[in-house]
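These notes are about the structure you will find just below.
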Amino acid sequence: MEQSSKITEYLEAVRQQIRWKKAQSPVLEEIKNHIIDQKNAFVIDGLNEKEATDKAIAEMGDPIVVGEQLDRAHRPRLIDIGTIILGMLLVLGILGTADMGYSLLRIIGVGDQMVLGIYIPMLGELIYLDGVFVIISSLAAIFAPRNISKVVIWCQGFILTAIYLSEVSPRIRFVLLLVAVNVISFLILYRISRSVKVGLLWTVTSFAGLFLYVVGTQINCYMYNHGVNGSYGGFENVPKALVIVFIMCLVPQLLITALISAKKSKEQIA
Amino acid sequence: MIDKSLLTGSTTMLILKLLDETNMYGYQMIEELREKSNNTFELKAGTLYPLLHILEQKKMLTSYEETADNTRVRKYYSITKTGRKHLQEKKEEWKIYTAAVNNLLGGASFGTI
């Protein structure tokens with residue numbers, strides 16, 4: 001007991017030097033394994049538990065120095081921070097225009113016909129959604145553990161593509177499409193990871209994405225109404241939209257989770 | 001951002017060389033290196049892990065986890081194509097360097113590793 005607390009103490013000292021929280025636990029796990037391997041080797045060499053632990057810790061070197069070196073190896077990468085800023089510029093730039101950037105893009109195009117707009121429908125929305133995607137993926141890349149950040153990025157890709165497609169083609173019912181995307185993504189992620197938790201992560205990220213989208217359109221609406229009409233109208237749909245988004249994200253996943261756990265418990269009985 | 005001095009040293013080359021043969025976890029690398037060099041290279045864990053992590057970020061290595069002794073999860077490293085290419089370059093540099101040193105010392109010119 002005392003031996004393992006010595007190791008914990010050492011690890012804690014190392015941890016304090018690593019400023020980037022996301023990097024801490026995998027790194028410490030590795031260091032801990034190393035100390036245990038070293039200790040076991042010393043025990044085989046004939047030392048007792050206490051001596052072996054002390055020597056293994058001594059072999060690691062000063063925890064402050066080790067921690068500092070690990071800290072240097074683990075910094076949020078500049079490119080991720082750069083992409084967050086880029087995303088924010090895109091989002092804010094589009095939000096600051098009256099009609100999701102449509103008129104702005106028209107200026108860039110030739111005369112009244114947008115060059116890119118001819119080929120790409122709803123370009124303003126697309127840029128806004130790309131901005132959201134870039135921000136969320138960068139945040140995920142910086143703060144979430146690697147396996148989770150990958151999932152988050154994929155999820156955001158799916159959901160934002162779905163939003164865009166439903167905007168371009170109003171015939172596809174927005175709600176139906178998103179429910180379909182939600183269910184399919186959940187199943188894909190569950191198949192890959194074999195973990196309901198990872199699947200449910202999708203619920204959270206798709207909700208966050210949609211929530212941001214609703215908020216974004218309302219900010220745009222507010223700016224436009226305020227600037228052009230001097231009124232503050234346009235918020236009446238917000239509660240309804242949020243409730244729909246909430247149900248859309250939650251209901252399918254909870255149903256599937258229930259199904260999966262029912263199936264699992266059946267398998268266990270069999 | 002990244003400590004360049006860690007990368008320029010020959011330690012990188014030695015680690016890449018070890019992993020070129022087989023996938024390993026950190027402790028194993030230190031042991032292998034000690035055995036293969038007749039105790040000449042006593043690589044410290046405090047040097048090894050930051051270096052491994054930097055090499056992984058540079059995509060010269062990849063890592064995967066494997067459960068050992070039922071409970072403990074070990075992090076194994078394996079070399080990538082980029083890593084092999086880097087190893088080749090380092091080897092060439094090393095040969096030129098040792099040949100030059102040997103030349104100066106007046107001994108026979110031979111490159112090891």
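Label sites at A:Asn48 and A:Arg194, each approximated as a point 7 angstrom past Cα along Cα to Cβ, lie 4.4 nm apart.
Projected label points at A:Trp20 and A:Leu177, each 7 Å from Cα along the beta carbon direction, are separated by 3.7 nanometres.
Quick check: pseudo-label points 7 Å beyond the Cα along Cα→Cβ at A:Leu86 and A:Met223, how many nm apart are they? Reported label-point gap for A:Leu86 and A:Met223 is 2.1 nm. Taking amide H positions as modeled 1.01 Å from N, with prolines and chain starts lacking one, the residues under 5 Å from B:Met24 and 5 or more places away or on another chain are B:Tyr77. Both radii come from the Cα set of segment B:4-104: Rg as radius of gyration, Rh as Kirkwood radius; their ratio Rg/Rh reads 1.01. Sorting B:81-89, A:24-32 by average packing, meaning the other beta carbons within 10 Å per residue, from highest down gives A:24-32, B:81-89. Bridgeable lysines around A:Lys22 (alpha carbons under 16 Å apart, same-chain partners fewer than 8 residues away excluded): A:Lys150. Inter-chain Cβ neighbour count for A:56-67, averaged per residue, equals 2 (cutoff 10 Å, partner chain atoms only). Comparing segment A:2-73 with the 2.2 N^0.38 Å rule of thumb, its C-alpha radius of gyration ratio is 1.10 (two decimals).
Counting only lysines at least 8 places from B:Lys90 when in the same chain, those with an alpha carbon closer than 25 Å to its own are B:Lys4, B:Lys17, B:Lys36, B:Lys44, B:Lys58, B:Lys59, B:Lys81. 3J(HN,Hα) along segment B:83-98: x, 4, 5, 4, 4, 4, 4, 4, 4, 4, 4, 5, 4, 4, 4, 5 Hz, from the Karplus curve 6.51 cos²θ - 1.76 cosθ + 1.60 with θ = phi - 60°, whole Hz, x for Gly and Pro. Near B:Leu61, the amide H atoms lying under 5 Å from its own belong to B:Glu56, B:Thr80; only residues 5 or more places off or on other chains count, and H is placed 1.01 Å from N. Of all lysines in the structure, the ones whose alpha carbon falls short of 17 Å from that of A:Lys6, not counting any fewer than 8 places away in one chain, are A:Lys32, A:Lys39, A:Lys50, A:Lys55. Evaluating 6.51 cos²θ - 1.76 cosθ + 1.60 at θ = phi - 60° for every residue in segment B:50-59, the Karplus couplings come out as x, 5, 4, 5, 5, 5, 5, 4, 7, 6 Hz, glycine and proline recorded as x.
In order along segment A:250-260, phi translates into HN-Hα couplings of 8, 4, x, 5, 5, 4, 5, 4, 4, 4, 4 Hz, rounded to whole numbers, per the Karplus curve 6.51 cos²θ - 1.76 cosθ + 1.60 with θ = phi - 60° and x for Gly and Pro.
No lab work stands behind these numbers, since they all come straight from the coordinates. Since this is a predicted model, take the numbers as computed values, not measurements. All Cβ positions, even for glycine, are placed from backbone atoms using ideal geometry, and neighbour counts span all protein chains on display.
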